[in-house]
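One structure is given here, and the rest of the page talks about it.
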4 protein chains.
Amino acid sequence: MSSGGGYVYGYSADREAYLKRLRRIEGQVRGLQRMVEEDRYCIDILTQVSAATKALHAVALGLLEQHLGHCVAEATAAGGREADDKVTEATDAIARLLQS
Amino acid sequence: MSSGGGYVYGYSADREAYLKRLRRIEGQVRGLQRMVEEDRYCIDILTQVSAATKALHAVALGLLEQHLGHCVAEATAAGGREADDKVTEATDAIARLLQS
Amino acid sequence: MSSGGGYVYGYSADREAYLKRLRRIEGQVRGLQRMVEEDRYCIDILTQVSAATKALHAVALGLLEQHLGHCVAEATAAGGREADDKVTEATDAIARLLQS
Amino acid sequence: MSSGGGYVYGYSADREAYLKRLRRIEGQVRGLQRMVEEDRYCIDILTQVSAATKALHAVALGLLEQHLGHCVAEATAAGGREADDKVTEATDAIARLLQS
């Protein structure tokens with residue numbers, strides 16, 4: 001929930017775990033900067049880029065799973081237009097991940 | 001080349017530009033942490049993850065283009081086993097990007 | 001539904017549209033074979049591979065949207081273990097698409 | 001070039017192997033049509049879509065490796081504007097694969 005109170009998203013219970021993973025990804029991106037500064041071999045940098053991208057996608061899949069199990073589930077239980085909208089919104093987000 | 005002297009990779013001339021792009025990506029990843037801390041809506045976080053991934057892939061493609069035009073080009077001009085190895089190495093790096 | 005009657009999946013109403021799209025993709029893959037037979041330029045073949053992959057992903061996203069709006073929605077409305085399983089199953093399928 | 005004589009692209013020596021792989025992918029896409037006709041479970045169809053996409057990407061990576069080792073290698077050995085163009089063209093093709 002926002003600190004003021006109210007709605008709690010699906011991922012909130014795991015907030016600390018997500019923050020930890022994102023801090024590790026931030027470290028990977030800083031590692032990439034060091035590699036560029038030290039003129040490291042291109043392929044090694046590309047390998048590290050793939051690792052950071054994979055880690056970002058893993059975070060995205062975790063958030064998505066909780067989103068489908070909470071926000072989308074509540075909307076589809078309620079039914080109607082809002083349910084369709086939530087499903088379309090989630091699918092659009094997946095499409096963006098696929099194209100990124 | 002490393003500041004001490006020696007080999008200069010294809011991307012070295014653009015080092016500052018790459019560092020700037022990577023610092024911006026680091027900022028995006030810190031932005032993701034803030035979004036999680038503030039309990040922002042999952043879909044908005046996923047959109048930002050896609051943006052960071054896209055930016056990482058763009059950096060990778062830039063590095064790859066310069067790698068192909070320099071390191072791989074030099075190896076294939078020399079020919080032989082080393083040429084094949086460099087081409088395979090680059091292809092493997094592209095495969096890792098595709099699967100990340 | 002299975003031909004014997006019974007359950008109808010989310011995508012069944014659009015079956016003809018999906019078949020049409022899949023036949024077009026089959027045509028693209030046969031086009032790729034012709035290109036290879038005719039020794040067409042590698043980059044043109046790669047462009048056609050990207051088009052076929054994009055079309056396959058578009059079919060997948062359509063199926064996924066209907067799966068989330070029907071099968072997963074029914075499971076989450078019922079709740080419990082089955083709901084969690086369906087959400088995990090869908091997320092795993094998205095993960096496979098991302099890595100393909 | 002075509003079998004009538006002249007230029008042979010890097011992949012030509014493996015033409016039969018590529019045709020065999022593409023025919024198998026064509027079979028996978030026809031299998032997808034059968035699955036849709038038989039109202040098979042969405043997730044099973046998505047799994048098969050991922051398999052077909054993965055197979056297409058594997059073909060693309062094979063073609064790309066041979067393209068880099070032949071066409072691009074020849075151009076970069078000759079140097080000049082054409083070399084740069086070939087490298088950019090290959091990178092653009094990789095970018096399209098990444099976004100597909």
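Label-point spacing for B:Gly80 across the identical copies (point 7 Å from Cα in the Cβ direction), in nm and ascending order: 2.8, 7.0, 7.6.
Simple point charges give the picture: +1 on the Cβ of Lys and Arg, -1 on the Cβ of Asp and Glu, and for chain C a dipole about the Cα centre of about 320 debye. Heavy-atom accessible area buried between chains C and D is around 4500 Å² (1.4 Å probe, both sides summed). Counting Cβ atoms of other protein chains within 10 Å of each residue's Cβ and taking the mean over peptide A:24-34 gives 6.
Annotation for D:Asp92, label-to-label distances across the other copies: 3.0, 3.0, 4.2 nm (shortest first, one decimal, point 7 Å from Cα along Cα→Cβ).
Can you list the residues in the stretch C:86-100 whose accessible area drops by at least 50 Å² when all protein chains are present, compared with the chain alone? Use a 1.4 Å probe, heavy atoms only. Relative to the lone chain, where solvent access is computed with a 1.4 Å probe, the stretch C:86-100 loses at least 50 Å² at C:Val87, C:Thr91, C:Ile94, C:Arg96, C:Leu97, C:Leu98, C:Gln99, C:Ser100.
In this Cβ point-charge picture (+1 for Lys and Arg, -1 for Asp and Glu), the stretch C:17-58 has a dipole of about 360 debye about its Cα centre. Here A:Ala13 yields copy-to-copy label distances, from shortest upward, of 3.3, 5.6, 5.8 nm, the label point defined as 7 Å from Cα along Cα to C-beta. Considering only alpha-carbon pairs that sit under 8 angstrom and 6 or more positions apart, the relative contact order computed for chain C is 28 percent.
Once the Cβ-Cβ distance between C:Ser12 and D:Arg15 is put in as r, and R0 is 45 Å, what FRET efficiency do you end up with, to the nearest 0.05?
After rounding, the FRET efficiency stands at 0.65.
With the full set of protein chains in place, find how many percent of the accessible area of the protein assembly as shown is carbon and sulfur; take the probe as 1.4 Å. Reported share for carbon and sulfur atoms: 48 percent. A Förster radius of 60 Å, combined with the Cβ-Cβ distance separating C:Arg23 from B:Ala77, puts the computed FRET efficiency at roughly 0.85. Charging the Cβ of each Asp and Glu at -1 and of each Lys and Arg at +1, and nothing else, the dipole of the protein assembly as shown about its Cα centre rounds to 0 debye.
For the rotation carrying B onto C, the chain B residue whose Cβ lies nearest the axis, with the distance in whole Å, reads B:Gln99, 3. Averaged over the residues of peptide B:12-22, the number of Cβ atoms from other protein chains lying within 10 Å of each residue's Cβ is 3. Taking each DSSP H run with n ≥ 4 as -39500 (n - 2.57) and averaging over every residue of chain A yields -25500 deg cm²/dmol at 222 nm. Counting only lysines at least 8 places from D:Lys54 when in the same chain, those with an alpha carbon closer than 17 Å to its own are A:Lys54, C:Lys54, D:Lys20.
Compute the signed sum of charges (Lys and Arg +1, Asp and Glu -1) over the other residues within less than 13 Å, Cβ to Cβ, of D:Glu65. Its environment carries a net charge of -4. For the protein assembly as shown, the solvent-accessible area works out to 43 Å² per residue, with a probe of 1.4 Å and every protein chain left in place.
The values are calculated or read from the model by the stated rules, or taken from the named source; none is laboratory data. Every value quoted in this text rests on a predicted model; they were computed, and no experiment measured them. With ideal geometry, Cβ positions are generated from the backbone for all residues, glycine too; neighbour counts draw on all protein chains shown. Side chains included, ligands, DNA and RNA excluded: accessible areas come from the protein's heavy atoms. Shrake-Rupley method; radii C 1.70, N 1.55, O 1.52, S 1.80 Å.
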